[in-house]
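A short write-up of the structure that comes next.
The values are calculated or read from the model by the stated rules, or taken from the named source; none is laboratory data. Everything numeric here is computed off the predicted structure, so don't read it as measured data. All Cβ positions, even for glycine, are placed from backbone atoms using ideal geometry, and neighbour counts span all protein chains on display. Each accessible area value is taken on the protein alone, full model and side chains, heavy atoms only, with ligands, DNA and RNA left out. Shrake-Rupley method; radii C 1.70, N 1.55, O 1.52, S 1.80 Å.
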Amino acid sequence: GFRNTIFFFLRPRDRKADLLKINVKIPKTFKTTLKEEKISFCQVKIGGFETRTKCIEDIPADIELNEDKTSLDIYPYKPIPSNKDSYAIVFKLFNPRRTGLFQFHSYGQYVGKDTISSYLGSATLVID
């Protein structure tokens, strides 16, 4: 397979308040060699037709994958502000052997709210 960089965006409209924690549910069918050291979190400039999406600032965070790689937790050292900036979780990986549609759901825990996670959104990944 070939290397791929995948961005999961957190756009300004996706965030109601400052975020303490992000959780991503990874589909069981997404068989790939996902490793913690290949996952990062950054502030991004979202590209268009002319420009590529790129990280403009790495955001220090603890990144934890559970054992069966179906759940990813990201704990930024500082809460992610609810501002106009866009952020992204970045996977660097080899494409999974299976093609198809993969649904990733993300949840966030906001500052000062109860510990219940709020739904942030879904990303659909197409591997063909």
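Please give the contour-minus-distance gain from E57 to T29: 0.36 nm per residue of separation, less the Cα-Cα distance, rounded to one decimal in nm.
Details: separation 28, 0.36 × 28 = 10.08 nm, distance 3.13 nm.
Between E57 and T29, full extension yields 6.9 nm more.
Using a 10 angstrom Cβ neighbour count of at most 14 plus a DSSP loop assignment to flag exposed chymotrypsin sites (Phe, Trp or Tyr not before Pro), which longest range of the chain is free of such sites? Display every interim value, and only then the final one.
Values: sites that count: F2, F49, Y77.
So the longest stretch without any such site is 78-128.
Let's test the formula: R0 of 35 Å, r as the Cβ-Cβ distance of N83 and D114. What FRET efficiency results, to the nearest 0.05?
Numbers: r = 23 Å, r/R0 = 0.66.
Efficiency, from the Cβ-Cβ distance: 0.90.
Towards the positive end of the charge dipole of the chain, with charges on Cβ (+1 Lys, Arg; -1 Asp, Glu), say which of G47, L93, T115 has the farthest Cα.
G47
Any idea what the relative contact order of the chain is, in percent, if you count C-alpha pairs under 8 Å spaced at least 6 apart? Before the final figure, lay out each step's value.
Working: 280 pairs, mean separation 48.8, N = 128.
With pairs under 8 Å counted, the relative contact order is 38 percent.
Suppose we take every Cα in the range 38-93 and form the convex hull; what volume per residue is that in Å³? Provide the component values of the computation, followed by the final result.
Details: hull volume 5.7 nm³, N = 56.
Per-residue hull volume (Cα only) is 103 Å³.
Using 0.36 nm per residue of separation minus the Cα-Cα distance, give me the extension gain between E50 and D73 in nm, one decimal. Display every interim value, and only then the final one.
Working: separation 23, 0.36 × 23 = 8.28 nm, distance 3.26 nm.
Computed gain between E50 and D73 is 5.0 nm.
Only one of the values (i) 63; (ii) 68; (iii) 59 was calculated from this structure for percent of Cα pairs over 16 Å apart; name its label.
Evaluating percent of Cα pairs over 16 Å apart on these atoms matches (i).
Can you compute 3J(HN,Hα) from phi for each residue in the range 46-62, using the Karplus curve 6.51 cos²θ - 1.76 cosθ + 1.60 with θ = phi - 60°, rounded to whole Hz and x for Gly and Pro?
7, x, x, 5, 8, 10, 8, 5, 8, 6, 9, 7, 6, 9, x, 7, 7
Would you look at the GNM of the chain, springs on alpha carbons closer than 10 Å, and say which of E37, E57, E67 moves the most?
In the Gaussian network model the winner is E67.
Can you send over the carbon and sulfur percentage of the accessible area for the chain, probe radius 1.4 Å, protein chains only?
Solvent-exposed carbon and sulfur of the chain make up 51 percent of the total.
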